[in-house]
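**Q** One structure, as structure tokens, below. Some questions next.
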Amino acid sequence: MHRSLAGEAITGHNILGDFRLSELRETAAALLGHTIFNPSAAYQEGVSLFRELSAIANGQGTWKARSGDKRFSDPLWENNDYYNKMLQAYMAWAQSLQNYAAAAGFEGKAAGRAKFVLGQVSDALAPTNFLTGNPVALKEAWDSGGKSLIDGYRNFVGDAAARRPVPSQVDKRPFKVGENLAATPGNVVLRTEMFELLQYKAQTERVRERPILVVPSIINKYYAFDLAPGRSLFEYLVQQGFTLFTMVFRNPQKEHDHWGMAAYMNAIDTALEAVREIGEIEDPHLWVVCGSGPLVVSLAGSYAARNDRKIGSLTLFVAPLDMAGLAETDGLGDFNDPKISAIAERLPAKSDRITADEFTLLFAMLRPNDLIWNYWVNNYLMGKEPPAFDILAWNADGTGMTAQFNRDFRSFSEKNPLVTPGAMTVKGEPIADISNLDLDSYVIGARTDHICPWPTVYRSAQMLGDRCQFVLGGSGHIQTIVSPPGSAKATYFLNPDKTGSAAEWLEQARKVEGTWWEHFVAWCHERSGPFVSAPATASNARYSPLGAAPGTYVLEAAT
């Protein structure tokens with residue numbers, strides 16, 4: 001199972017730009033129109049494909065599976081003449097679709113969108129997705145006396161009845177939030193309409209004076225950082241002597257569609273004020289995740305403009321600040337197109353709401369063979385259960401995005417105001433050069449992240465100036481989060497020189513065996529003041545406990 005990729009499926013923020021189901025349908029319709037009204041390109045590509053297929057039928061084909069394509073790893077695809085010709089014909093056809101997309105007359109990013117849509121078609125119609133075209137599934141059916149087919153049908157009916165947008169990626173039955181996920185002890189100390197604030201119980205006799213407030217991603221459940229005990233970053237930080245708080249955003253329903261960027265920034269400001277009062281300290285550490293980064297950095301800029309010292313240090317986890325880099329991301333970048341946005345602005349506001357199911361499907365389409373068809377084969381053709389794995393259980397616990405936030409963030413991405421001092425105003429204050437926020441910062445990228453590519457995160461570190469420490473985790477988006485000490489494969493990269501390009505930074509970086517968790521803890525200890533006695537009880541007189549962590553909002557289902 002592709003656990004790591006599945007775990008990354010929805011961890012991005014609104015970097016989708018205008019990548020939505022409606023745009024995919026419009027691209028497909030445009031392709032059909034080009035084929036009908038300008039058939040010459042389709043005819044020429046069809047002739048070329050016929051020649052390739054004829055050569056394959058005559059034993060003269062030279063097509064092979066792409067290196068690393070696990071769909072065709074069974075030896076029969078190479079050694080059996082029938083399956084080998086089927087493979088070659090499929091590869092020739094899939095390439096022909098891409099050739100047609102390039103020759104059909106589309107311009108600029110429209111050509112990229114056409115290639116993306118036709119790539120989805122070729123991936124969906126791969127022979128391995130059908131019983132007769134999958135020798136491994138046929139063997140399983142024979143060996144099991146047909147039981148695998150019965151089990152596969154049962155799995156299919158179950159997913160259809162639950163109206164899942166993609167095949168199940170996880171067996172969630174062994175996991176329960178608050179018991180073996182999101183299980184670090186703590187209390188809800190503040191509840192608003194938009195979020196709950198959790199304060200974790202101290203697990204050491206003495207704690208650092210300066211607490212940490214975590215602002216999670218807007219569209220993901222926060223507990224990727226508080227996974228199973230022993231794999232929880234939050235648990236680790238508390239055990240290292242830090243007082244830790246986290247916001248838990250509620251799963252927005254349709255009645256919350258008016259919540260936009262301003263509302264979320266106000267919520268973050270409210271949480272920060274609570275932590276300042278509970279911790280009796282002027283400037284807590286602020287830890288920000290993914291797409292919440294631009295919100296918090298904008299808020300920090302407004303504080304700086306008022307000479308209001310409210311943040312002790314700033315940590316960004318896979319958080320791009322310069323949106324221009326995301327516009328060039330493979331696949332997604334072709335959907336960050338001003339022409340699409342101009343059309344979207346004329347649509348009713350409700351059309352901008354993105355449900356959890358839409359997020360799941362859209363992000364799965366970025367890696368369809370790993371995140372859709374791999375599970376289609378495993379669950380339905382092979383009749384096997386998906387794996388029971390904690391990070392996949394978190395991944396399946398989806399959230400949505402309000403219509404107003406979607407619109408606000410799309411506008412923010414197009415204007416890209418943080419790269420230009422004075423281009424953005426927050427709470428009446430123009431945001432100056434963010435390299436002059438007068439605070440230390442720590443930025444974490446993930447080397448194989450396909451949602452927030454690490455060079456875009458490295459750019460965030462450059463924007464934050466000389467007082468910013470950039471650390472590159474050696475794996476993907478989620479593997480970088482879940483990297484406890486003792487992990488055999490954990491590595492990270494360090495290089496204090498951020499003057500060069502991302503490629504130059506990595507070339508000169510020092511590879512460190514082990515987890516970046518330990519590096520961050522050492523960095524944070526240096527900036528957290530003296531050790532003081534751990535509080536006997538959570539919160540204070542004003543912010544009394546409202547219930548045990550993880551609270552109630554994390555349990556709300558998406559709509």
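The values are calculated or read from the model by the stated rules, or taken from the named source; none is laboratory data. Keep in mind that this is a model prediction, so the values were computed, not measured. FYI the Cβ positions are ideal-geometry reconstructions off the backbone, even for glycines, and counts take in every protein chain you see. Surface accessibility is based on the protein's heavy atoms, side chains included, excluding ligands, DNA and RNA. Shrake-Rupley method; radii C 1.70, N 1.55, O 1.52, S 1.80 Å.
**Q** What do you reckon, is residue 403 more than 25 Å from residue 476 (Cβ to Cβ), open to solvent by less than 10 Å² (accessible area, probe 1.4 Å) and either basic (Lys, Arg) or under 22 Å from the mean Cα position of the chain (by Cα) (or both)?
**A** Considered against the rule, which asks whether it is more than 25 Å from residue 476 (Cβ to Cβ), open to solvent by less than 10 Å² (accessible area, probe 1.4 Å) and either basic (Lys, Arg) or under 22 Å from the mean Cα position of the chain (by Cα) (or both), residue 403 comes out as yes.
**Q** Evaluate the range 440-448: report whether one residue or more is farther than 30 Å from residue 389 by Cβ and at pLDDT 95 or above.
**A** Scanning the range 440-448, I find at least one residue that is farther than 30 Å from residue 389 by Cβ and at pLDDT 95 or above, so the answer is yes.
**Q** Check 418, 381, 366 and return the single one that is at pLDDT below 90, out of contact with any strand residue (DSSP E or B) (no Cβ under 6 Å at 6 or more places or on another chain) and not small (Gly, Ala, Ser).
**A** That would be 366, the only listed residue that is at pLDDT below 90, out of contact with any strand residue (DSSP E or B) (no Cβ under 6 Å at 6 or more places or on another chain) and not small (Gly, Ala, Ser).
**Q** Filter the range 290-308 down to residues that are open to solvent by 10 Å² or more (accessible area, probe 1.4 Å) and touching a residue at least 60 places away in the same chain (Cβ under 8 Å) and give me whichever is nearest to residue 480 (Cα to Cα).
**A** Per the stated criteria, the residue is 304.
**Q** Could you please give the count of residues in the range 531-559 that are among the aromatic types (Phe, Trp, Tyr) and either in a loop (DSSP other than H, G, I, E, B) or open to solvent by less than 70 Å² (accessible area, probe 1.4 Å) (or both)?
**A** 2
**Q** Report whether or not residue 104 is under 25 Å from residue 45 (Cα atoms), buried (at least 20 other Cβ atoms within 10 Å of the Cβ), small (Gly, Ala, Ser) and touching a Leu at 6+ places or on another chain (Cβ under 9 Å).
**A** yes
**Q** If I filter the range 461-473 for residues that are surrounded by fewer than 24 Cβ atoms within 10 Å (Cβ to Cβ), touching a strand residue (DSSP E or B) at 6+ places or on another chain (Cβ under 9 Å), aromatic (Phe, Trp, Tyr) and at pLDDT 90 or above, do I get at least one hit?
**A** No; the residues of the range 461-473 include none that is surrounded by fewer than 24 Cβ atoms within 10 Å (Cβ to Cβ), touching a strand residue (DSSP E or B) at 6+ places or on another chain (Cβ under 9 Å), aromatic (Phe, Trp, Tyr) and at pLDDT 90 or above.
**Q** Working only within the range 424-446, note down all residues that are over 28 Å from residue 503 (Cβ atoms) and in a loop (DSSP other than H, G, I, E, B).
**A** Once the filter is applied, which keeps residues that are over 28 Å from residue 503 (Cβ atoms) and in a loop (DSSP other than H, G, I, E, B), the range 424-446 yields 424, 427, 428, 431, 432, 438, 439.
**Q** Quickly run through the range 170-193 and pick out the residues that are open to solvent by less than 20 Å² (accessible area, probe 1.4 Å) and either farther than 17 Å from residue 540 by Cα or in contact with a Ser or Thr (Cβ under 7 Å, 6 or more places away or on another chain) (or both).
**A** 170, 181, 182, 184, 189
**Q** Could you list all residues from the range 231-287 that are among the acidic types (Asp, Glu), farther than 19 Å from residue 312 by Cβ and over 24 Å from the mean Cα position of the chain (by Cα)?
**A** Matches in the range 231-287: 255 only.
**Q** Sort out which residues of the range 357-381 are over 19 Å from residue 125 (Cβ atoms) and either among the polar types (S, T, N, Q) or surrounded by fewer than 21 Cβ atoms within 10 Å (Cβ to Cβ) (or both), and write them in order of number.
**A** Result: 357, 358, 360.
**Q** The conditions are (1) surrounded by fewer than 18 Cβ atoms within 10 Å (Cβ to Cβ); (2) modelled with pLDDT of 90 or more; (3) in a helix (DSSP H, G or I), and residue 30 fails exactly one of them. Which is it?
**A** Of the numbered conditions (1) surrounded by fewer than 18 Cβ atoms within 10 Å (Cβ to Cβ); (2) modelled with pLDDT of 90 or more; (3) in a helix (DSSP H, G or I), the odd one out for residue 30 is (2).
**Q** Write out, first by first residue and then by second, each pair whose Cβ atoms fall under 7 Å of each other, whose residues are 6+ apart or on separate chains, and whose first residue, in the range 90-117, is touching a residue at least 40 places away in the same chain (Cβ under 8 Å) and under 19 Å from residue 71 (Cβ atoms) while the second is part of a helix (DSSP H, G or I) and of a type in the set (Val, Ile, Thr).
**A** 92/56
**Q** Which residues, taken from the range 440-456, are within 24 Å of residue 310 (Cβ to Cβ) and buried (at least 22 other Cβ atoms within 10 Å of the Cβ)?
**A** 441, 442, 443, 444
**Q** A follow-up question, please. Can you tell me which residues in the range 186-212 are in a strand (DSSP E or B) and closer than 30 Å to residue 358 by Cβ?
**A** 188, 191, 195, 196, 197, 198, listed by residue number.
**Q** Can I ask one more? Hey, any hits in the range 153-161 for a residue that's open to solvent by 40 Å² or more (accessible area, probe 1.4 Å) and either under 24 Å from the mean Cα position of the chain (by Cα) or closer than 30 Å to residue 31 by Cβ (or both)?
**A** The answer is yes; a qualifying residue exists.
**Q** Based on what the data block shows, is residue 77 hydrophobic (A, V, I, L, M, F, W, C), within 23 Å of residue 128 (Cβ to Cβ) and open to solvent by 50 Å² or more (accessible area, probe 1.4 Å)?
**A** So residue 77 does not fit the description; no.
**Q** What do you reckon, is residue 35 in contact with a helix residue (DSSP H, G or I) (Cβ under 6 Å, 6 or more places away or on another chain), modelled with pLDDT of 75 or more and of a type in the set (Val, Ile, Thr)?
**A** Against the criterion (in contact with a helix residue (DSSP H, G or I) (Cβ under 6 Å, 6 or more places away or on another chain), modelled with pLDDT of 75 or more and of a type in the set (Val, Ile, Thr)), residue 35 qualifies.
**Q** Exactly one condition in (1) modelled with pLDDT of 90 or more; (2) part of a loop (DSSP other than H, G, I, E, B) is not met by residue 55; state its number.
**A** (2)
**Q** Name every residue in the range 502-530 that is in a loop (DSSP other than H, G, I, E, B) and among the acidic types (Asp, Glu), in order of residue number.
**A** 526
**Q** Here is a further query. For the range 450-501, give me the residue count where each residue is assigned to a loop (DSSP other than H, G, I, E, B) and of a type outside the set (Val, Ile, Thr).
**A** Summing the residues that are assigned to a loop (DSSP other than H, G, I, E, B) and of a type outside the set (Val, Ile, Thr) in the range 450-501 gives 24.
**Q** Please verify whether residue 137 is surrounded by fewer than 17 Cβ atoms within 10 Å (Cβ to Cβ), among the hydrophobic types (A, V, I, L, M, F, W, C) and more than 23 Å from residue 390 (Cα to Cα), treating the condition exactly as stated.
**A** Criteria not met by residue 137.
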